[in-house]
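Trainee: Pasting in a structure now, in structure tokens, and then I'll have a few things to ask.
The values are calculated or read from the model by the stated rules, or taken from the named source; none is laboratory data. Note that the coordinates shown come from a computational prediction; the quantities given were computed from them, not determined experimentally. Please note: Cβ atoms are built from the backbone with ideal geometry, for glycine as well, and neighbour counts cover all protein chains shown.
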Amino acid sequence: MTEQQLVDGCIREVRECQERLWTLYASKLLSVSIRYCQNREDAEDVVMESFVKIFDHISSFRNQSSLETWMRRIVVNTSINKIRSRKYTESIDNEAIQIGYVDKGFDSMDAKELMKMLESLPVGYRTVFNLFAVEGYSHKEIAEVMGIDEGTSRSQLAKARKALQEMIEKKGVIQL
């Protein structure tokens, strides 16, 4: 079954197509949500809520990106709304800190260790870092999605990078 046939079946509310969409993408979308949410339960709630939105709005999918990209965006937005609703958002200052990417050392770290570091970041830092570095959002898009200034987005990213760099240095992975 092609992606378009799957979309068409979901638009017609064909149960087999909906189940197939769930089977193909639920675990991928859960991994996206886990990067934003405080715990697995919240992430699972976000995925369930996202699939309701996906099925309700699949007729608006226009093939301008892949289906997975479109669904990931829904999950990211739903995750951010979950964060807002839980009032996890911390006060953020607008200072812009310029700091480069830390790309050395990640190869020698295992993925679980890196995920623990990301999870330990304050919610604002982690959210902006994920949106920018993982999802590829621009600072303008992040500002719109999160309801913050572009400068705040840049500042949060810089602070996230700095915090990650310090954690990596503390572990002795790289020496700067």
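Trainee: Consider only pairs whose beta carbons are under 6 Å apart and that are at least six residues apart or on different chains; among these, list those whose first residue lies in segment 30-54 and is farther than 23 Å from residue 12 by Cβ and whose second residue is of a type in the set (Lys, Arg) and at pLDDT 90 or above.
Mentor: The qualifying pairs are 32/72.
Table: residues versus (1) within 30 Å of residue 120 (Cα to Cα); (2) in contact with a Cys (Cβ under 7 Å, 6 or more places away or on another chain).
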site	(1), (2)
21	no, yes
30	yes, no
34	yes, no
46	yes, yes
49	yes, no
52	yes, no
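Trainee: Select from segment 19-78 the residues that are β-branched (Val, Ile, Thr) and either touching a Leu at 6+ places or on another chain (Cβ under 9 Å) or surrounded by fewer than 15 Cβ atoms within 10 Å (Cβ to Cβ) (or both) and list them in ascending order. Explain how you work it out, then say what you get.
Mentor: So the first thing to find is which residues in segment 19-78 are β-branched (Val, Ile, Thr), and the list is 23, 32, 34, 46-47, 52, 54, 58, 69, 74-76, 78.
Those that are β-branched (Val, Ile, Thr) and either touching a Leu at 6+ places or on another chain (Cβ under 9 Å) or surrounded by fewer than 15 Cβ atoms within 10 Å (Cβ to Cβ) (or both): 23, 46, 47, 52, 54, 58, 69, 74, 75, 76.
Trainee: Same structure, new question: Do we find that residue 154 is part of a helix (DSSP H, G or I), modelled with pLDDT of 90 or more and outside the structural domain of residue 72 (by TED's automatic domain parsing) in this structure? Steps first, answer last, please.
Mentor: Details: part of a helix (DSSP H, G or I): yes; modelled with pLDDT of 90 or more: yes; outside the structural domain of residue 72 (by TED's automatic domain parsing): yes.
Yes; evaluated as a whole, the condition is true for this residue.
Trainee: Kindly provide the set of residues from segment 24-36 that are part of a helix (DSSP H, G or I) and not hydroxyl-bearing (Ser, Thr, Tyr), ordered by number. If you could, list the steps in order and put the result at the bottom.
Mentor: Let us first name the residues in segment 24-36 that are part of a helix (DSSP H, G or I), namely 24-34.
Hits for segment 24-36 are 24, 26, 28, 29, 30, 32, 34.
Trainee: At least 2 residues that are modelled with pLDDT of 85 or more in each: list the helices (runs of 4 or more DSSP H) lying fully within segment 37-128 that qualify. Quick ask: steps written out before the conclusion?
Mentor: On the way: elements: 40-57, 67-85, 111-120.
Passing ranges, in order: 40-57, 67-85.
Trainee: Being surrounded by fewer than 21 Cβ atoms within 10 Å (Cβ to Cβ) and charged (D, E, K, R) is the filter; apply it to segment 136-160 and report the residue that is nearest to the chain's Cα centre (by Cα). If you could, list the steps in order and put the result at the bottom.
Mentor: Taking segment 136-160 as the starting set, the residues that turn out to be surrounded by fewer than 21 Cβ atoms within 10 Å (Cβ to Cβ) are 136-141, 143-145, 147-151, 154, 158.
Pick out the ones that are also charged (D, E, K, R) and you get 140-141, 144, 149-150, 154.
Details: 140: 16, 141: 13, 144: 15, 149: 19, 150: 18, 154: 17 Å.
Looking at the filtered set, the residue picked out is 141.
Trainee: For segment 1-18, name all the residues that are of a type outside the set (A, V, I, L, M, F, W, C) and in a helix (DSSP H, G or I).
Mentor: As a first pass, look at segment 1-18 and keep what is of a type outside the set (A, V, I, L, M, F, W, C): 2-5, 8-9, 12-13, 15-16, 18.
Passing the criteria: 3, 4, 5, 8, 9, 15, 16, 18.
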